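Only the coordinates and a few stated rules stand behind these numbers; no lab work does. Note that this is a predicted model, so its numbers are computed, not measured. Cβ coordinates were reconstructed from backbone atoms using ideal geometry, including for glycine residues, and neighbour counts include every protein chain displayed.
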């Protein structure tokens, strides 16, 4: 949750770096992170199959599910990065990832039911309320600035629909008969991200969806080295969160629905960064601040209910 909610700060540390160029470094970081964890934590211990052995025996079905999950995630993440660029962390994450939490939790619960459904879906309802409050706060902020605030919300919503759809494929790669382990699935998932990023991000360079001019690759070559480093670190941080999330999902106590839902608590982390560190709502009215306050409260209550769902599974 902390990793998934913090990686986007690396974008903020690269002012003027177009998100399409940042994304190449981000994907490099994803690949490096998946390999690093595979050959360290994924290759130690006495239980399960080692990372390399797991990859050598992966079934085509599980391979396809992991790759497809990566492809869908990549499309969602590109839209999310664009939404962050347009609207900021405090808007893109609560709307996009909040919607993804709702879609992903429901679909994962259908595939592999685990946890108390009343707490799980009650928590989801609270998250939906928080999403609405954040969207209202954003629209009010944009009206004050005399900007058209619909693009940031639209990009966030599109990202959320796709982001909520990738995890069930990851679940199928890890939970069906003869499934691969979490480290192998994470690596294959990242390969899917990289394969999709090549044509998709190139297309966004030629036809940007953020309303700006087309992006030339010369900007990537000319970018400061620290920007490339921050982009790669962002990818590694996200990958670290994904690996730990996949490992947690494999445990019977937690399950994929709860693991995914808690992971999407990243929304609260990123919104906190956006509001309190990057000051994305600084100077706004008391009405907007009240909406943001209730957004945080509802999100926290929803996440607490979701986190408690495994503890009361039999009730």
* Please provide three numbers in whole Å: the alpha-carbon extents of the range 78-177 along the principal axes, with the largest listed first. => 54, 29, 15
* At q = 0.10, 0.11, 0.20, 0.22 Å⁻¹, what is the log10 ratio I(q)/I(0) for the range 1-133, with the Debye formula run over Cα points and no solvent? -> -0.47, -0.57, -1.28, -1.31
* Give me the Debye-computed log₁₀ of I(q)/I(0) at q = 0.14, 0.18 Å⁻¹ for the range 162-302, equal point scatterers on Cα only, no solvent, two decimals. => -0.97, -1.21
* Could you please rank 91, 132, 110, 86, placing first whichever residue has the fewest other Cβ atoms within 10 Å of its Cβ? => 110, 132, 86, 91
* **Candidates 297, 95, 233: whichever shows maximal mean-square fluctuation once the chain is modelled as a Gaussian network with Cα springs under 10 Å** => 297
* Sorted from fewest to most neighbouring beta carbons within 10 Å, what does the list 59, 252 look like? -> 252, 59
* Structure fact -> What helix-only [θ] at 222 nm does the chain give? Using -39500 (n - 2.57) per DSSP H run of at least 4, over all residues, to the nearest 500, the answer is -24000 deg cm²/dmol
* Segment residue 251-residue 287, length gained on full extension (0.36 nm per residue, minus Cα span) -> 8.6 nm
* Asked: What ranking do 32, 22 get, fewest neighbouring Cβ atoms within 10 angstrom at the top?
  -> 32, 22
* Whole-Å semi-axes of the range 77-136's equivalent ellipsoid, largest first, each the root of 5 times a Cα gyration tensor eigenvalue? -> 25, 14, 6
* Specify the residue with the greatest mean-square fluctuation among 203, 101, 155, computed from a Gaussian network of the chain linking alpha-carbon atoms under 10 Å apart. => 203
* **Sites residue 40 and residue 2, calculated FRET efficiency, Cβ-Cβ separation with R0 22 Å, nearest 0.05** => 0.70
* Structure fact -> Kirkwood-based Rg/Rh on the Cα set of the range 19-94 evaluates to 1.10
* Values of log10 I(q)/I(0), in the order q = 0.16 Å⁻¹, for the range 227-272 under a Debye, Cα-only, solvent-free model -> -0.51
* Any chance you could list the semi-axes, whole Å, largest first, of the equivalent ellipsoid that the Cα gyration tensor gives for the range 181-239, using √(5λ)? => 25, 17, 9
